[in-house]
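K.L.:
Quick one: the structure is below, and I'll ask about it shortly.
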Amino acid sequence: MPREIGNPPCYTSYRNLVKDRDNNKCRACGRKGSMVKHIKSQKDYPELRTEVSNGITLCRECYDKFFTVRRYIKFFKSKNINILGL
Ligand SMILES: [Zn+2]
């Protein structure tokens, strides 16, 4: 089984910190957001896994829509939304 299954407590609090910062709103569409997505993938940047500035709150729909980092960057740049580190 992959080791990623089941998130450690520090990861849960990381998600809550990101959601608090974004007022539980999707940063893409402004609706209520329940998902947290890494801006830089945890595969390429494992050290940023629990870095709040590398997280973004999204609703389920936007999360599914902007699944890859490349699409994210394109989307936020097209909306002139400035995300840390991009
Ligand atoms: Zn959304």
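K.L.:
Restricting things to alpha carbons, find the Rg to Rh ratio for the stretch 9-78 using the Kirkwood radius for Rh.
P.N.:
0.94
K.L.:
Between beta-carbons, use under 13 Å as the cut-off and find the net charge around VAL18, counting Lys and Arg +1, Asp and Glu -1.
P.N.:
Net charge around VAL18: +4.
Read-outs throughout are calculated quantities, based only on the coordinates presented, and are distinct from any laboratory measurement. Keep in mind that this is a model prediction, so the values were computed, not measured. Every residue, glycine as well, gets a Cβ built from its backbone with ideal geometry; the counts of neighbours run over all protein chains shown.
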